[in-house]
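Structure first, commentary second.
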Amino acid sequence: MLNIDNLHATAADTKILKGLNLSIGTGEVHAIMGPNGSGKSTLAHVLAGRDGYEVTDGSVTFLDSELLDMLPEERAWHGIFLGFQYPIEIPGVNNTYLLKAALNARQKFHGEPEIDAAQFLRVIKDKARLMQMEQSFLNRSVNEGFSGGEKKRNEIFQMAVLEPRLAILDETDSGLDIDALKIVAAGINALRSEDRSFLIVTHYQRLLDYIEPDVVHVLAGGQIIKSGDKSLALELEARGYDWVLEETSSA
Amino acid sequence: MKKNIQDRDTRSAAALTTIEAVFKKLQAEPAADIPAWLQPTREKAFANFRETGFPRAKDEDWKYTNLTSFAERSAAYLSNQPLAATNKTAGNFLTDLPETENEIRIVFVNGLHRPDLSTAIKPDSGLKLTPYSTADSSTSEEILHQQPADPNVLIALNTAFLADGLAVQVANDKKVETPIHVVFISDGQPCATQPRLSIDIGFNAHAFVIQHHISTGESLTNAVTSINCAEQSQLLFVRLQNESDESIHVANQVVRVATDSLFTSIGIDFGGQLARNDLAVDLCGEQARANLYGLFMINGQRHVDNHLQIDHHAAHTTSQENYRGILSDTARGVFNGKIIVHAGADGTDAQMSNRNLLLSERAEINTKPELEIYTDDIKCAHGATTGQLDMHAMFYLRARGIPEASARMMLVSAFAQEIIDHLRSATPALADYLNLQMNKQLPDIA
């Protein structure tokens, strides 16, 4: 589904990604772990098309299209979803209105008719229930006055409504207490399916207690330096990152 | 630069001379459709206008707003047509009005009341609506009595050429739930429209009045509103200026708020090539409150200037101002908020906020808070911000699949909602109407 080949990216003239290779198959859940400053969030933002990063080399194909040529909204229409580490508050933009506009823009792009209003309302109510969000949240401004946990739940709620092909979740677990973490993880698990892939960027292993990844990668110095199965995450939790870094530098 | 300033003053003075000739001719041959009781007032006002003259280029209150075009268009239109034009062409405008249920709608075209376009004015215990053109002698006395004592030059000009207006009188203890929607239309004829509205809210009375301006072409409007809120009364006053992009629109509101009364004003400027609005509120009695909200949105080379002055005369008076501006292209905005806390107005609480959204690098806003404080025991805060669209919010919306242009419009509209929301609680239909009007313009602005 996603193929990243030799990706180099800079931000404000600082090289951050330095030849990153990663391949995610359809239906797979990949976790990316790594020390602070290793480039995890940069990777997520470059894939979603945020301004402020320059790709200096390499390519990314997503479902046979060149991802890096697309505008952020075009990536969303092709099925990319970015769950933000710091979801932004947008006073005056209604949560439900945003989702409806987003879905209709995607429908239009694919030459499909606008979504049925009644059907849409049913869907958002169901998904809100899944994320244990009160219905009143739907009619509030995007993330305005939400607690940290509510913002993250809202991210997963939006993902559930938009039903992306590839969800990139940037430190969705950070700042969550254990109850909120369980709700968020349950929401993600409910969306796992054989035609949907996940790229979960995380600093800690604990989210992976609830979401079992197929592949775990270690990102350090702008490259993937080690990949393994879920046991790698447990080992990183127990031993830290230093041993991986040493292993790589001696190799 | 100096030559420009001299030019401006010379041109304004020439316009004044022309207007004087028109006025003298009218005096010599009084027109039949001007109420006779207005005549002495008109003459006095003209003398005031003549003496004061149009603002000079160096006048601090007019530092950023050049009234020369207003003066010249006034002179040209008055010479051409000294009286308000009365032909019957304004029906088309009415199809575009908000569908508020059960409103009382009073329509004026080019300054003259049009019963044929208005809700029939029924005698109502406690609510009296009187077009000046139909005022009897006791009502005309009341109207004259209520007018501001010390008019500025624009009020004087309005009075000098006044032909008609509306008096809204709400009796003591009367609660008028129905919105009173006063529509002033300028229909595109070269006519110097002088709309006039006087609102008198009695003791413990409530009312909701909408002053709505629409026009087409190069219209010219000089509106004056005088408002009296007696003790324990409440008035929600909405001023909605949605005139054409070629119009010149100036407006004055002079407001007196008595003890324990609440005056809420929402001023919206979506139209106008040049718009200037002066809102002066006197908080005269203890615990009098004023909440003033404003919003303008302009593009091209358009210019909107909001001048507010709040005088806290009495103890424990409260004022709150929240004005927002949206500007694109080379549009220019002015916000001048003056708060005067007089000696003895202890316990005054005055809050002022002005926020502006600049959508282009060449748009410009001049914002200036002015505080004059003559007592110690007060709470005063003011803040002004000017910024661009939040790029983080833009990316968030686009990452969800909102196209860039739509995302911009969404954020601009969101910026306006804080003001429009104040209307929503009183009248959702009018709030929806404003959003509709705004959405029509957004593609050109965002």
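The values are calculated or read from the model by the stated rules, or taken from the named source; none is laboratory data. Treat the numbers as computed from the prediction; the structure is a model and nothing was measured. Cβ sites come from the backbone with ideal geometry, for glycine too, and all protein chains shown count toward neighbours. These area figures cover heavy atoms from the full protein model, side chains too; ligands, DNA and RNA do not enter into them. Shrake-Rupley method; radii C 1.70, N 1.55, O 1.52, S 1.80 Å.
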field: Residue list for the stretch B:203-246, filter: of a type in the set (S, T, Y) and open to solvent by less than 20 Å² (accessible area, probe 1.4 Å)
entry: B:S215, B:S219, B:T221, B:T225, B:S226, B:S233, B:S244
field: Count - residues of the stretch B:408-429 that are more than 15 Å from B:I268 (Cα to Cα) and either acidic (D, E) or within 8 Å of chain A (Cβ to nearest Cβ) (or both)
entry: 3
message: Please go through the stretch B:157-176 and give me each residue that is out of contact with any strand residue (DSSP E or B) (no Cβ under 7 Å at 6 or more places or on another chain) and modelled with pLDDT of 95 or more, ordered by number.
response: B:A171, B:N172, B:D173
- prompt: Does B:L397 satisfy the criteria of being touching a strand residue (DSSP E or B) at 6+ places or on another chain (Cβ under 8 Å), on the phi < 0 side of the Ramachandran plot, surrounded by 17 or more Cβ atoms within 10 Å (Cβ to Cβ) and in contact (Cβ under 8 Å) with a residue 40 or more places away in the chain?
  reply: no
message: Cβ contacts < 7 Å: first residue in the same structural domain as B:N277 (by TED's automatic domain parsing), restricted to the stretch B:139-157; second residue charged (D, E, K, R) and open to solvent by less than 60 Å² (accessible area, probe 1.4 Å), any location; separation 6+ or different chain. Result?
response: B:Q146/B:D200
message: Given the criteria open to solvent by 10 Å² or more (accessible area, probe 1.4 Å) and among the aliphatic types (A, V, I, L, M), does B:A290 qualify?
response: no
statement: Pairing a residue in the stretch A:112-125 that is more than 14 Å from A:A102 (Cα to Cα) with any residue that is open to solvent by less than 90 Å² (accessible area, probe 1.4 Å) and modelled with pLDDT under 95, where Cβ atoms lie under 7 Å and the two sit 6 or more apart in sequence or on different chains, gives A:K125/A:Q135
statement: The number of residues in the stretch A:1-31 that are of a type outside the set (G, A, S), in a loop (DSSP other than H, G, I, E, B) and open to solvent by less than 40 Å² (accessible area, probe 1.4 Å) is 1
- prompt: Going by the conditions given, is A:I211 open to solvent by less than 30 Å² (accessible area, probe 1.4 Å), out of contact with any Asp or Glu (no Cβ under 6 Å at 6 or more places or on another chain), touching a residue at least 40 places away in the same chain (Cβ under 8 Å) and assigned to a loop (DSSP other than H, G, I, E, B)?
  reply: yes
The stretch A:46-70, residues that are in contact (Cβ under 8 Å) with a residue 60 or more places away in the chain and open to solvent by 10 Å² or more (accessible area, probe 1.4 Å): A:L63
- request: Kindly establish whether B:S74 is modelled with pLDDT of 90 or more and in contact with a strand residue (DSSP E or B) (Cβ under 6 Å, 6 or more places away or on another chain).
  value: yes
statement: Expected single match for polar (S, T, N, Q) and either touching a strand residue (DSSP E or B) at 6+ places or on another chain (Cβ under 9 Å) or surrounded by 19 or more Cβ atoms within 10 Å (Cβ to Cβ) (or both) among B:S425, B:S413 is B:S413
- prompt: If you check A:E89, A:E73, which single one turns out to be touching a Gly at 6+ places or on another chain (Cβ under 7 Å) and either at pLDDT 95 or above or buried (at least 22 other Cβ atoms within 10 Å of the Cβ) (or both)?
  reply: A:E73
Number of positions in the stretch A:126-154 that are of a type in the set (A, V, I, L, M), out of contact with any Ser or Thr (no Cβ under 8 Å at 6 or more places or on another chain) and within 17 Å of A:Y97 (Cβ to Cβ): 3
query: Of all the helices (runs of 4 or more DSSP H) wholly in the stretch A:62-148, which have at least 2 residues that are within 14 Å of chain B (Cβ to nearest Cβ) and touching a strand residue (DSSP E or B) at 6+ places or on another chain (Cβ under 7 Å)?
result: A:95-109
- prompt: Which of (1) touching a strand residue (DSSP E or B) at 6+ places or on another chain (Cβ under 8 Å); (2) surrounded by fewer than 17 Cβ atoms within 10 Å (Cβ to Cβ) is the odd one out, the single condition A:K182 does not satisfy?
  reply: (1)
query: Just for the stretch B:350-384: of the residues that are among the polar types (S, T, N, Q) and over 30 Å from B:A315 (Cα atoms), which one is nearest to the other protein chains (Cβ to nearest Cβ)?
result: B:N356
